[in-house]
């Protein structure tokens, strides 16, 4: 099944409350009640938001309100049905809405639309304890993507979410078999298209999404700058842009992990916000799939850093990203057709989708 879909993503602090409840619980309860095809709550490792207060899990005093990211994906009709409820939730942070192509269940040969041929972001949703021939599904997926020459992949572990419309929440006692994980991969449209039927045959109930991206850097080499976008479309709807930087916990810049240096420099240079998400497994820069193992010295997990802002601010942020990723990482950019920004004294943007072709 190949469907037009929307991806709703909310960025906020984990201790933020709405009506006496944690915002994360409010959103995930909503996703569960609406039986959203897939959703996942991700806990960030480091970041800052509209107030530019740095939060990091490296320092106890700054780890009390770490950034979290809630992602929900379903058909356009079902996600649009969520929007009225999301608009009524009074909270600070960013909410974005992006177009995607969703593939689920039977996945045969796929002809990608023309706009996905430059480069494609493939996101695969699997359960935490899902297996492929006794191998964890996320390991099997990463191994296949690496063998097929995909540029990189990062496995992000969820702590709450929905899987095929059913709520799946991590608990202290329990196998947590169905708690969702996201595997975000980036590659050429041609290679992604060829691997889709194999993924469909590998997974018992595949659920994947495809999105258009531009690969700006790989292995530290500058391939292209982000698209130069106008501030709005022809109807006056604001356009936004997103950078995603895929690196490793061990990749260093000036004595700091790359993602840590990125977050701090972006904060200093006035970016609206940034969130670093630590993965558990993945690969990039021609390295084989890797992650944390027992009896190793130092962490060796992938990290993805996300920045969403106006096109002019993204152009400035990319200069920082380009400098800090001079030797490591994959950097992508993509169009964000709708974003709402809410702070204590600012409301900007809307969740109405802009239309812009490039």
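The values are calculated or read from the model by the stated rules, or taken from the named source; none is laboratory data. None of the values given here were measured: they were computed from a predicted structure. With ideal geometry, Cβ positions are generated from the backbone for all residues, glycine too; neighbour counts draw on all protein chains shown.
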- Query: Quick check: anything in the stretch 305-322 modelled with pLDDT under 95 and surrounded by fewer than 24 Cβ atoms within 10 Å (Cβ to Cβ)?
  - Reply: no
- Task: Would you be able to say whether some residue in the stretch 177-190 is more than 19 Å from the chain's Cα centre (by Cα) and part of a loop (DSSP other than H, G, I, E, B)?
- Result: yes
- Item | Candidate set from the stretch 119-144 (those that are without any contact (Cβ under 8 Å) to a residue 60 or more places away in the chain and touching a helix residue (DSSP H, G or I) at 6+ places or on another chain (Cβ under 9 Å)); member that is surrounded by the fewest Cβ atoms within 10 Å (Cβ to Cβ) | 133
- Task: Tell me, please, whether a residue that is more than 20 Å from the chain's Cα centre (by Cα), in a loop (DSSP other than H, G, I, E, B), at pLDDT 95 or above and farther than 22 Å from residue 34 by Cβ can be found in the stretch 130-148.
- Result: yes
- Note on the structure: If we take the stretch 24-104, then strands (runs of 3 or more DSSP E) inside it with 2 or more residues that are out of contact with any helix residue (DSSP H, G or I) (no Cβ under 8 Å at 6 or more places or on another chain) are 38-43, 67-75, 93-104
- Item | Condition check for residue 225: in contact with a strand residue (DSSP E or B) (Cβ under 9 Å, 6 or more places away or on another chain), surrounded by fewer than 18 Cβ atoms within 10 Å (Cβ to Cβ) and modelled with pLDDT of 90 or more | yes
- Message: Can you find a residue that is surrounded by fewer than 18 Cβ atoms within 10 Å (Cβ to Cβ), closer than 23 Å to residue 341 by Cβ and at pLDDT below 95 anywhere in the stretch 63-71?
- Response: yes
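Which of the residues belonging to the stretch 247-285 are part of a loop (DSSP other than H, G, I, E, B) and out of contact with any strand residue (DSSP E or B) (no Cβ under 9 Å at 6 or more places or on another chain)?
254, 255, 269, 270
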